[in-house]
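Some notes on the structure that comes next.
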Amino acid sequence: MEVREDVAKILEMPKVLKEFASRVRGELGLMAVENLRPAKNGAELAERTELLQSFVSCREAGGEWPWNSSGCISPFLSEGKRTGILSGENLAAVAKFLSLAEITREHLAKHKEFYPAFEALYRKIRDFSEEADALGVLDDKGFLYDSASPKLAEIRRELESLRRQMRGAARAILDNPALSHMLQERVTAFRNGHFVFLVRQEFINRFPGTVVDRSGSGNSVYMEPSSLVPLNNRLALRIRDEQEEERAILRELTRKILRRARPLAESEAVLADLDLFYGAAEVIAVKKWKTARYDHKTAFVLKEARHPLLGDGAVPVTIKCGGSFRSLVITGPNTGGKTVALKTAGVCVYLAWCGLPIPAEEDSMVGDISAIFADIGDEQSIEQNLSTFSAHVRNIIYILENSDRESLILLDELGAGTDPQEGAALGIAILDTLTKEKGLTLATTHHNPVKQYALTAPGVETASMEFDEETLSPTFRMLLGVPGRSNALHIASKYGMPKNVLEKARKALSEREVPVEDLMAELGERKAWLDRAERETAELRKKLAVEREKYADRLNELELSKDKILSDAEAKAASILEKAEAAGKDLLKTIGEASKSAVHRQIGGTTEKVRSERRRLEQAHEKRTLKKSREATAFKPEVGAAAQIAGSEIVGVIESLKGGRAVLRAGAMKMEVAAEKLLPTAKKPKGIVVPAETLSSPPDRVPPSVVVRGMNVDEAIPVVQRYLDQAMRMGYDQVTVIHGRGEGILRREVHSLCASLKYVESYRLGGPSEGGYGVTVVEFKK
């Protein structure tokens, strides 16, 4: 998408992008914001959007993205190409950048298997280990270590030896009474590359040495003692040798860095984009902005969009264009929000095509738009002067010549700045041409002829900014499908304009215009009533949905409680029956043979009752198990699928299905059961090979985490159960289930599942670096 710099300034994009610039972590992110431009085509936009979504998801699941305080290196590369040598401080900054590139590359390598979009970024950050090792001869401030080269080490050893000799000679002078009294201070100084003493002015001709400099007060001079001249000369030579060797090392390091200038620039761009993604992720988390959905058709739908520069007090508006109409004409009073609505649409489309979140609600859509054109004279902005009519005309001519069917055109006060009749006629002609031959058009106007044209012209829709006639103030809400009426006479009447003046004004209106104004007023009132009713209905639906969910949760809790009570009672009854049966068997063992037949007859009826009761309990348990299974999943038995018989631990593979009966093979055993008694299972039948398609992924590719965020309970729980079974069999000690934060319903169900699995040792919520309440960490039994 193409957007000229003047259009970006009209939309105040530099100010809008400060929302992201204020949340990036360093200079690299600021560079990315400064260089940010809309994507050139849909493929590039899709790539940017996928990268941002992958970054946000990876950050939520895997913890904070690695970072250091590294800055941009492109200025250093340019300077190095120009001068052939970089300072130690600049090279130290490059070394810090290489460290960031290395840890980022490792992070991308770790997660690219689960986030394929990272593969391209990983390839763009090359291996700079050789350059990083070379720069290891510098400390953090850019000072070369002695080990930078053997020659530098030798020079610095000699320098240290010379300085020790110099200190000894200087101490001898200080200890000499014949000379020490001539000194202003009993300390040595360093001037112009020489060790000197500060000598009093009156002893300048008696002190054995040469004047090097005068003190700031002028009362004393710096003199180089004659005895130190040979040592100072040798010291000066070695200092020069040290500087030359340091320059040679820095020049060589600069050459090594410049040889990789292009890969370094590509890596800088990747790191800058990642920092921009960090800022975007923060905007999503803090400002609750959303990522717009992309569509290949030329259209957009912005739901509850807000202009970001108006802050939290901005009134959201829903704006759409494309589909059933290609032009939208917005009317309303001055300062009523018409221009803000135009700019809001432009800002959201611009941000969406940059691959960034927009200040709108979920399910907003931005389609295939090739360019944004704007002619907005905004007297509300101190940075934008009022445009003259001629400037408007020149701008619109440029738009007519350069826009196409995929363009977005924003026109403020169409037909203004000249005679109202001629301006309205010109406005209608421009709007008609843009609608039929050019792209999507959003225009504002005060002219009634333009409003009337918009009401009847095909492909054109009207909207108005709502005006509260009681308070004489705009509400800043946009009413789609309703043309706005002029409120001049109404406002004048409210403020006390004489009635006779108002009557004359009404008579001055043509007979045709008055009914149109009345029709617009009636339509506006009806639309406002319908909007209020729609909002109230939406609120009631939202409350009803919440209450329905609470009711469902409570009902589910009661069902679970009921099942638990019944299961406990049945288990207790079964235990009593088993004990009674065992007691009967023990009694038979203790009595004599003669009495056994009598006892058998006596307890025969009781035994049959016990067995009948046990069968009843087993059938009740089986029915309850079947009911819970059918509520949890719509299982349809198929030949070759693994299944479990309700109320038992028998697991097998279905061999055939006929007439509501199924043949199940479990190991060497084959049995025929009712198909309705079969339940789905993730258990592997003993001695049977489960078909590969029943697994979600090959066993050697079971990841260390599973993402079920966004699924409902019925979808997520089977996925989690199957995944945990695979991960346990693969030998994992610990895995992560990413279910998101939400209202906690899915999290509770995952915890209930974990509590029911025998091979799960423990489970807990993730720590701050693991994803927090959005993940559950599951540990398996050893």
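The values are calculated or read from the model by the stated rules, or taken from the named source; none is laboratory data. The structure presented is a predicted model; accordingly, all values stated were derived computationally and were not measured. Cβ sites come from the backbone with ideal geometry, for glycine too, and all protein chains shown count toward neighbours. All accessible areas refer to the heavy atoms of the entire protein, side chains included, with ligands and DNA or RNA removed. Shrake-Rupley method; radii C 1.70, N 1.55, O 1.52, S 1.80 Å.
So the values come out like this:
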read-out: Restraint check, Lys18/Lys297; Lys18/Lys110; Lys96/Lys288; Lys290/Lys542; Lys96/Lys256; Lys297/Lys343, Cα-Cα greater than 25 Å; value: Lys18/Lys297; Lys18/Lys110; Lys96/Lys288
read-out: Label-point separation in nm, Ser370 to Glu655, each point 7 Å along Cα→Cβ; value: 6.7 nm
read-out: Cα pair count fraction exceeding 20 Å, expressed as % - the stretch 703-782; value: 21 percent
read-out: Net charge contributed by nearby residues that have their C-beta within less than 12 Å of Gly766 (K/R +1, D/E -1); value: +1
read-out: Estimated Rh, the stretch 108-234: Kirkwood, alpha-carbon pairs, angstrom; value: 19.0 Å
read-out: Length released on extending from Met497 to Ser69, taking residue separation times 0.36 nm less the Cα-Cα span; value: 147.5 nm
read-out: Burial order of peptide ranges 727-738, 439-450 (average beta-carbon count within 10 Å, highest first); value: 439-450, 727-738
read-out: Residue-wise HN-Hα coupling along the stretch 172-184, computed from phi with Karplus coefficients 6.51, -1.76, 1.60 (Hz; x: Gly, Pro); value: 4, 5, 5, 7, 7, x, 6, 10, 5, 6, 7, 7, 6
read-out: Listed peptides 755-762, 771-778, 5-12, 306-313 by packing density, highest first (mean Cβ within 10 Å); value: 771-778, 5-12, 306-313, 755-762
read-out: Volume per residue of the C-alpha convex hull in the stretch 1-159, rounded to whole Å³; value: 164 Å³
read-out: Linear extension gain, Ser78 paired with Asp312, 0.36 nm per residue minus alpha-carbon span; value: 79.9 nm
read-out: Spin-label model distance (nm) - Arg4 vs Val639, 7 Å beyond Cα toward Cβ; value: 7.1 nm
read-out: Mean Cβ count within 10 Å, highest first, over the residues of peptides 194-204, 212-222; value: 194-204, 212-222
read-out: Relative contact order computed over the stretch 196-249 (Cα-Cα under 8 Å; 6+ residues apart), in percent; value: 31 percent
read-out: Phi to ³J(HN,Hα) by Karplus 6.51 cos²θ - 1.76 cosθ + 1.60 over the stretch 46-51, Hz, x for Gly, Pro; value: 4, 5, 4, 5, 5, 5
read-out: Net lengthening on full extension, Ala545/Tyr732 (0.36 nm per residue, minus Cα-Cα); value: 63.3 nm
read-out: HN-Hα J in Hz across the stretch 254-260 - Karplus 6.51, -1.76, 1.60, θ = phi - 60°, x for Gly and Pro; value: 4, 4, 4, 5, 5, 5, 10
read-out: Within the accessible area of the stretch 197-241 (1.4 Å probe), percent carbon and sulfur; value: 47 percent
